[in-house]
Each structure stands twice: as C-alpha cells, then as structure tokens.
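Quick note: the coordinates plus some simple rules give every number you see, no bench work behind them. Everything numeric in this text was worked out from a predicted model, so none of it was measured. Here the Cβ positions follow ideal geometry from the backbone for every residue, glycine too, while neighbour counts run over all protein chains shown.
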Amino acid sequence: MMNLSRNVYILVFAQACFFACSMAVFTFAGLSGQELASDPAYATLPVSLYIVSAALATGPLSLLMQRTSRRFGFRLGASFGVFGGLLCVASLYSGSFVLLCIATVSMGPFQASAQYYRFAAGESVSKAQAPRAISLILLGGVASAFAVPVATGWLNNYFEGYSYLGSFVFVVGAATLVFLPIAFLKPLEAKHGSGETEGTGEIRTLGQIIRTPKFVIAVINAGLGYAMMSFVMTATPLAMVKAGFPASQGAYVIQWHVVAMFLPGLVTGNLITRFGVLPILLAGQALFAGAFVVALSGVEAWQFTLSLVMLGVGWNFCFVGGTSLLTQVHTDSEKGKVQGVNEIIVFGFSGVASFGAGVILQKFGWATVNETAFAMLGIAVFATVIWGLTDARKQPVPES
C-alpha cells in the first residue's frame, strides 16, 4: 500500500459510510416512490430531487469549506444525512410521497459534501500522488456494495409491515457513522497548486477558467459520465420489476454495479499516471457503449448484471479521469469556485437524467432508456476525441 496521508484513509472510511447511504437511496427511493406516488411515472422523482438538491448545495458548501474547513463542511453534510434519513423513515411509516420527496431533498447536502472527499484526499498528498488518492477514495464504495444488500434486507424483514422502511433506518445509522472518522481529519494545507497560473499570484475569473479546454473536457466526462450512470442505474431496479424479477434481484444487480464502480479504484490512478488521462477517458467511454449494447440485447438477469458492471467500470474511468483533469485546471486559491461549479454541473446533469429515466421507462420502455444514453455518450466521445487531437497537435515534435 502506498504511503499516503492519514487523511486519505479517514476519507476512505467516510466514503464507505456515505456511499452505503447513497446506494440505499438510489435502490429503494425509486421503489418506495413507485409504491407511494399516484402516477408510476413519478417513481424516480425522490431520487432526482436528491441529486438536484445536492447540485444546488455543492457551490455554497465549496465556498463554506474554503472559508471554514473541510472537516466542518463534512460534518455539516452528515447532519443533513441523518436528518433526511429520519424523514425518509417517517414518510414510509405515514405513507406520504410528498414527505419522501422532502426527505430526499434534505439529504442532498450530505451527497454534496461527500463529493469533496476526493478533492480533500487530493489536497492531502503531493501532486504526483493525487490521482492515486482520488481513486482510492472511490474504492471505499466497495465495502458498501456488500454491506447494503445484507443490512437493508435484514432490516426490511424486521420492519416487514412497512415496505423498504428498514432501508432508511440503515441510512440513518450509516450517516451517523461519518461523524467518527471526520473528527480525526487533520487540517488541510496547500500541498500543491495545479492551475496554469500558479506562481504568478494571478487569480483568474471563473469565466476565464471555464473557457479552458481542460475544464470543458473534465466537466463533460464527469458530468455526462455521472448522467449516463444515474440514468441507467436509476431505471434498472424498476425495469427488472417490470420484467418479473423481485426487488431483491434488483438490489443484487446494483450491488455488483457498485463493486464495478469502485473496485477499479485500486488501479485507475496508476493507469492515469502511466498512460495519461485521455486513454482512460476513451476506455471508459468504450465501456459505456458496451454496457448499452448488452442492455439492448435483452432483459435476462445476466444481461442486466453485465450491463451494470460495464456501466460501473466506465463511470469509474470517466469520473476519476475527469476529476484528475480538473485538478490541473485551478490553483489552490481558485479551487472553491472551480470545484463548486464542476459539482453543480455534474449533479445537475445527473438529477435531470435520473428523473428522465423514470419517465422514459414508464412511457417508452427499457430499450429507449439505453438508446437515449447512447446519444449522451456520442456527445462525450466527440468532445473528447476533438480535444485529444487538438492537444496532440500542441505537443512539441521531438528533433530527429
């Protein structure tokens, strides 16, 4: 194991707790919505509100943490997670779809704060170690993949009179656990600057930064990568129930999807260090394409599983690659506004996609969900290839 700051390992544990909550919300909020909503087309609205709320909270949280500390922001976010989880429990106990929507909105700031775990990890190590630290944080989600189906299954059986209520009892407990490691997080110091103006003392305007090609490609890959993943993942449990599978089978597929999302964290950082960001982004996009092809080939259990596994690895490559590219765009003094805008865009895309998944699935079917995802992928591939070709032309030609 590489020698990294203690902060990185603390954040890995926090990431595991957070993603346990997020996995439970993505798996069971849609199923709960389907039971409580008057129109099944609105089944994924609670999930969408969760993501949109996170998008709206990312900017303020980024600025708040820059003015206070990462530790304060992370603990504040976890507080929202506990509160929102309790509201989810109350909504299922009372059978209120409106309260379920309010509950997932309340959990949004928890999702928003947790997105900065990877940035905090990158800030805790040297510039050379940043891609490895970022990918290791995402590895924390692997533990969640195995814990969530077992724990939520047991708790749902315990509260068998209320469908899925036990899942949100689990969310409350997992969000509470975040407080423990974050209490030991060391204050972060500027380990390295990464922006193109480092050393000049110049702080660029946000408009100048977002016009840089690296920022655009970082956001496209992280944003559309997250949107495609959320779009298909949110629809999958509902599509499987429509295809005749039990909800537990959908949870099993999501489990292996989450493993595929985070297990590559063992190697993604090293691959970026060795081969560069561009090949990893293109590999991720190829995996997305494979996932959609498999999903379109049929609705057997193995097709759902294989598609979601490929979707997970593709997301990891695009998300880690995009995040690593973003760290090259800003200086330490610029990070608050740049990271905030990035997260707003990423989760704005994801929120729209997750709601659209429910509507498209109900109105047009599973095949159309994946065909729509293919269209999103085309945008990401086109932009990345053009940037790659343009960037290659800028490289100096070695003298013979």
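In the chain, a dipole from Cβ-located charges (positive for Lys and Arg, negative for Asp and Glu) runs towards its positive end, and of Ala222, Ala291, Phe245 it is Ala222 whose Cα lies farthest in that direction.
Using the per-residue mean of other Cβ atoms lying within 10 Å as a proxy for protection, in what order, highest first, do the peptides 157-166, 320-329 fall? Intermediate results must be reported in sequence, preceding the final value.
Numbers: 157-166: 15.2, 320-329: 25.6.
Highest to lowest by the protection proxy: 320-329, 157-166.
Of all complete DSSP H helices in the chain, those with a Cα span along the helix axis of 15 Å or greater and a mean Kyte-Doolittle hydropathy of 1.0 or more are 6-36, 45-67, 97-114, 165-177, 213-242, 277-296, 301-326.
Return the FRET efficiency for the residue pair Tyr93, Leu180: r is the Cβ-Cβ distance, R0 is 25 Å, and the value is rounded to the nearest 0.05. Could the numbers behind the result be given before it?
On the way: r = 28 Å, r/R0 = 1.10.
E between Tyr93 and Leu180, to the nearest 0.05, is 0.35.
Of the peptides 72-79, 100-107, the ranking by mean beta-carbon count within 10 Å, highest at the top, reads 100-107, 72-79.
Evaluate the relative contact order of the chain (contact order divided by residue number), counting alpha-carbon pairs under 8 angstrom at least 6 apart; express in whole percent.
On the way: 728 pairs, mean separation 102.2, N = 400.
Reported as a whole number, the value is 26 percent.
Dipole check for the chain: with +1 at the C-beta of Lys and Arg, -1 at the C-beta of Asp and Glu, and the Cα centre as origin, the magnitude is about 700 Debye.
With helices as the sole contributors, the chain gives -26500 deg cm²/dmol at 222 nm; each DSSP H run of n ≥ 4 counts as -39500 (n - 2.57), and the sum is divided by every residue.
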